[in-house]
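Single-structure report; data block below.
The values are calculated or read from the model by the stated rules, or taken from the named source; none is laboratory data. Remember, it's a predicted structure, so these values are computed and weren't measured experimentally. Heads up, the Cβs are rebuilt from the backbone with ideal geometry, glycines too, and the neighbour counts pull from every protein chain shown.
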Amino acid sequence: MAEPPIATPPARRRVVFGEAEVSDYDELDGLPTESMPLQMGPSHPAMHGTVRITLDVEGEKIKTADIQIGYLHRCFEKESESATWTQIFPYTDRLNYVSPMLNNVGYALAVEKLLGIGDRIPERAQYIRVIVGEISRITDHLTCLGASAMELAAFTVYFYLIKAREWLWELLEEVSGARLTHSYVRIGGVVADLPEGWPAKLLAVLAKVRVAVADADQLLTRNKIFRDRMDGIGIIRQDEVAAWGLTGPVARSTGVAYDVRKDHPYLVYDRLDFDVPVGATGDNFDRYAVRLEEIMQSMRILEQALAKLPPGPILVDDPRLTLPAKRETYNTIEAMIAHFKLIMDGIHVPPGEVYSYTEGGNGELGFYLVSNGTGQPWKCRVRPPCFANLAVLNRVLPGLFIADVVPTFGMINMIGGECDR
Amino acid sequence: MTVDSSQRMELVTVVIDGRTYQFPKGMNLLEACQSVGVRIPFFCYHPGLSSPAVCRQCLVEIKGSPKPVPSCYTPVADKMEVTTDSPKVLDIRRQMLEFTLLNHPIDCPICDKAGECLLQRHYFDWDGKLARNEGSKVRKAKVVDLGKHIVLDQERCILCTRCIRVCNEVAKAPELTMAYRGSHEVLTTAPGHRLDNPYSLNTVDVCPVGALTSKDFRFSRRVWELLAVSSICPGCATGCSIEVHSSRGTIRRLVPRENPAVNRHWMCDEGRFEHKAVHTSRALLAAMGGKRARFEDALAEAARRLRAAVAADRGAVGVLFSYEASNEDTHALARLAGEILGIERRYGGGKAAGWSDEILVSADKNPNTRGVEGIAGGPLRGLDELRADVASGALQALLVLGNSTLALPEGKPATLVALTSHQGPLVDRATVSLPLATWAEVDGTFTNRQGHVQRIRTAVKAPGEVAPGWRLIDRLAGALGGAFGFASAEAVFAEAKGRYPFMKDAAWGPPLAPVHLRFGESRG
């Protein structure tokens, strides 16, 4: 693929007050100015309270950008070493907190890979995982698009999309009992079956989401104000994708059609028909467009998964992995012991290490786990997709205007909980 | 069986699960498997007891044998081919566990053993199948008062007979037996008899389930809340290796730790309660004349009084060693008495002698008599001599380490400086008293009656102003103008090791963090 065209900034001269002649001033750069540090964030509304970017600016132009993360560091990985394998699910909810189900699923798949029980997960549980995961992907993208639109003054769009997100979260609340921190997935399946009549509700909500997304599309996609802030801004070249480890919509916006669901299918994604949208120039608009289309593709997946959803159990039938039914626990010593050991000691995961990866909202969400054979991980490491995606801003921002930071940062969609862990 | 002794013995070649090993002839097959990391579950086998092969958990297949054999009961033989994980063996284990669980009560939430229970562990590791029967369970007595320290729950008992063998083989007191048959079989004592031998609490340790529980420990803590620290029992000169189990700064129980050279797997009942004193009637603050004083003032006053007494009549100043103090504290005191004060009157005191037996209990109830005498350079003057010297006026000033129960008449000797751990006559009477740490709050070494120098380790944090003896003595030496500059108990140990012949082979050992009895460290 040919390298996309990049607007090369015109040659400029460094101008320092008091040292330069007036004739040195560069007409293109505007007024003479001197280099000035500027802190964006962490208490900046567009930095989402979780990141600081130390800019070195000359006038409105960015010379260097230093991305400083860690404001939301919670020692997730270290904490995991003193929790049982199951107790880590609530922690994963708080990684990418706008798509917790995807984190739940990614973590469960990693532990199941280490346990070697991947082929024993009931089919219904796999479909349910796909369904709740894709709903989460939609809520992730709705949040990203809505918030970015709001940051560019399109407040109406924000409400359209966040309203749609709320409908979906209400559905997930019905499934899991929690609006945001679902902790719904378990090692070996999911904790509860879908409620009665839930699939029909989901289809009804999807119809409403389609309308909301179409409204946003109409309001933004051909809106000159919006396009001026997005087109050709924050260009990432295709060859940078591998060099920076970019994944997800950021990578796909450059034309790299890497999607874990397609390239390394897990769960039942190989039985579902969906497309991987890609961009051409790798600018902010492409990232916006890729996300918009991924929402549509996720809805396609949801409709197929609902149609194919088989009946059956939702958890592996093995008292060493999953809690026995309460009736059994209270009435038989076997189930009581299993319950006790699972709660107090945790699932016994055989010694070994594993890297397992899934397509998160922002790209490849990887879990690297090491077990020493006890009920706790010896090491739990996350590959947060937006950590790598955010790093590239360091390269992308210089040369842009201060005002470009907001849409560029927004379209990277850094989520503090996931990036800082 | 250690590697050293096996090399001198005749070796046999055994194939276990397809891999070939060599073991000394006559070694127990179960221990042979364990020594090479092949896991076999068991209930009735215990490394310190004979094997009756009643639980049928450790069955393995041996080529040429028509039926599976209990590995705990089978010596290894040359060219033996053993299979420990064939489907048949695994099935037998599962079926035996199913029988064992058939009448087991659903007690885990209220059972003291839950969390360190062999039945839980073996079920989880080797069975993992839900119940198939729906019949009711055989009911038995839930609370049987077996003896002074022990309560029996007959429903939980899995009839392994370990406790019976502990009484017969360790305590030499056949007090327990099985009665009735089949599902109605129970553990019991003979009518009118009690389980009251001095080693009865070992039955609680060996009980694989929660059938036998200690009256002292039961319902006080869940075991997974405990932190375990390796130490030495301070109850007598035997110096049994123990584990101190504590939670939230309080010691909850002492259990024996395997030490082939001293106590094997056991300890006496009296030793189990040595931790009670650690948390009772402690002297927590410095005092002068029995009244609370600032620590610095008390220290300065002690130094002033001792200096004046030495200046007045060096021969009338004495020092009282404690046979309960560690080698480190004793070494520091010996240096203070010899190098700083230059006093010759050396007394030794400790707990009074008591009963003894041929098993573990020593008549000498002090943990470090041999070490103190080794450091002080021979037997010390006794407490009777001390009292006589006080009464006659030959002793005008006395520096005491430990010996909290020592009672001396008012006004004699004129100066009494006490470094002591507990409230009592000594603190009430002392001119100056400084709070001393107990064995459970310090790092150090005890020398047992055999001469083994053994490590004690800090199990709980010292309360109040309490400090280890060597540190108090170093501060006192500093106030007298000649601090030793001891940085740690290990530094005192290293210095003592270089001075006293009996310590020359002693080792401080590696630092050990307290072990949380949960997850991989669970004893179940």
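The table for this structure:
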{"quantity": "Scope the range A:358-388; condition more than 13 Å from A:Ala83 (Cα to Cα), touching an Asp or Glu at 6+ places or on another chain (Cβ under 9 Å) and within 14 Å of chain B (Cβ to nearest Cβ); matching residues", "calculated": "A:Val370"}
{"quantity": "Any chance B:Pro409 is under 19 Å from B:Arg345 (Cβ atoms) and not aromatic (Phe, Trp, Tyr)", "calculated": "yes"}
{"quantity": "Given (1) touching a Lys or Arg at 6+ places or on another chain (Cβ under 7 Å); (2) free of Cβ contacts under 8 Å to residues at least 60 places away in the same chain; (3) within 14 Å of chain B (Cβ to nearest Cβ); (4) not charged (D, E, K, R), index of the condition A:Phe285 fails", "calculated": "(3)"}
{"quantity": "Checklist (1) surrounded by fewer than 21 Cβ atoms within 10 Å (Cβ to Cβ); (2) closer than 19 Å to A:Phe285 by Cα; (3) touching a helix residue (DSSP H, G or I) at 6+ places or on another chain (Cβ under 8 Å) applied to A:Gln218, failing item", "calculated": "(3)"}
{"quantity": "Residue in the range A:295-311 that is within 14 Å of chain B (Cβ to nearest Cβ) and on the phi < 0 side of the Ramachandran plot present", "calculated": "no"}
{"quantity": "Conditions (1) over 22 Å from A:Gly106 (Cα atoms); (2) more than 9 Å from every other protein chain (Cβ to nearest Cβ); (3) of a type in the set (Ser, Thr, Tyr): number failed by A:Thr329", "calculated": "(2)"}
{"quantity": "Selection status of B:Val166, among the β-branched types (Val, Ile, Thr), touching a residue at least 12 places away in the same chain (Cβ under 8 Å) and under 21 Å from B:Pro514 (Cβ atoms)", "calculated": "no"}
{"quantity": "Test for B:Val60: is it closer than 27 Å to B:Thr161 by Cα and either outside any strand (DSSP E or B) or modelled with pLDDT under 90 (or both)", "calculated": "no"}
{"quantity": "3 or more residues at pLDDT below 90, charged (D, E, K, R) and more than 19 Å from the chain's Cα centre (by Cα): qualifying helices (runs of 4 or more DSSP H) within the range A:215-322", "calculated": "A:224-230"}
{"quantity": "Check on A:Ile412, more than 12 Å from chain B (Cβ to nearest Cβ) and modelled with pLDDT under 90", "calculated": "yes"}
{"quantity": "Residue in the range B:501-508 that is farther than 19 Å from B:Asn448 by Cα, in contact with a helix residue (DSSP H, G or I) (Cβ under 8 Å, 6 or more places away or on another chain) and either crowded, with 19+ Cβ neighbours inside 10 Å or of a type outside the set (Gly, Ala, Ser) (or both) present", "calculated": "no"}
{"quantity": "Pair list, Cβ under 6 Å, 6 or more apart: the range B:124-146 residue within 9 Å of chain A (Cβ to nearest Cβ), other residue in a loop (DSSP other than H, G, I, E, B) and buried (at least 16 other Cβ atoms within 10 Å of the Cβ)", "calculated": "B:Gly128/A:Pro319; B:Gly128/A:Arg320; B:Leu130/A:Pro319; B:Ala131/A:Thr332; B:Lys137/B:Asn103"}
{"quantity": "Single unsatisfied condition, A:Glu418 versus (1) within 10 Å of the chain's Cα centre (by Cα); (2) at pLDDT 90 or above", "calculated": "(2)"}
{"quantity": "Qualifying residue in the range B:56-76 (condition: among the charged types (D, E, K, R), within 24 Å of A:Met336 (Cα to Cα) and more than 14 Å from chain A (Cβ to nearest Cβ))", "calculated": "yes"}
{"quantity": "Hits in the range B:78-119 - residues which are β-branched (Val, Ile, Thr) and within 9 Å of chain A (Cβ to nearest Cβ)", "calculated": "B:Ile106"}
{"quantity": "Count of residues meeting criterion [modelled with pLDDT under 90 and aliphatic (A, V, I, L, M)] in the range B:481-502", "calculated": "1"}
{"quantity": "Test for B:Arg156: is it in contact (Cβ under 8 Å) with a residue 24 or more places away in the chain, among the basic types (Lys, Arg), farther than 17 Å from B:Arg56 by Cα and within 11 Å of chain A (Cβ to nearest Cβ)", "calculated": "yes"}
{"quantity": "B:Leu227 being of a type outside the set (Lys, Arg) and closer than 30 Å to B:His452 by Cα", "calculated": "yes"}
{"quantity": "A:Ala153 over 30 Å from A:Ile117 (Cα atoms), part of a loop (DSSP other than H, G, I, E, B) and in contact (Cβ under 8 Å) with a residue 40 or more places away in the chain", "calculated": "yes"}
{"quantity": "Which listed residue is over 23 Å from A:Asn103 (Cα atoms), in a helix (DSSP H, G or I), more than 9 Å from chain B (Cβ to nearest Cβ) and of a type in the set (Gly, Ala, Ser), from A:Ala403, A:Ala335", "calculated": "A:Ala403"}
{"quantity": "Residue within the range A:86-107 that is more than 29 Å from A:Leu142 (Cα to Cα), touching a helix residue (DSSP H, G or I) at 6+ places or on another chain (Cβ under 6 Å) and outside any helix (DSSP H, G or I) present", "calculated": "no"}
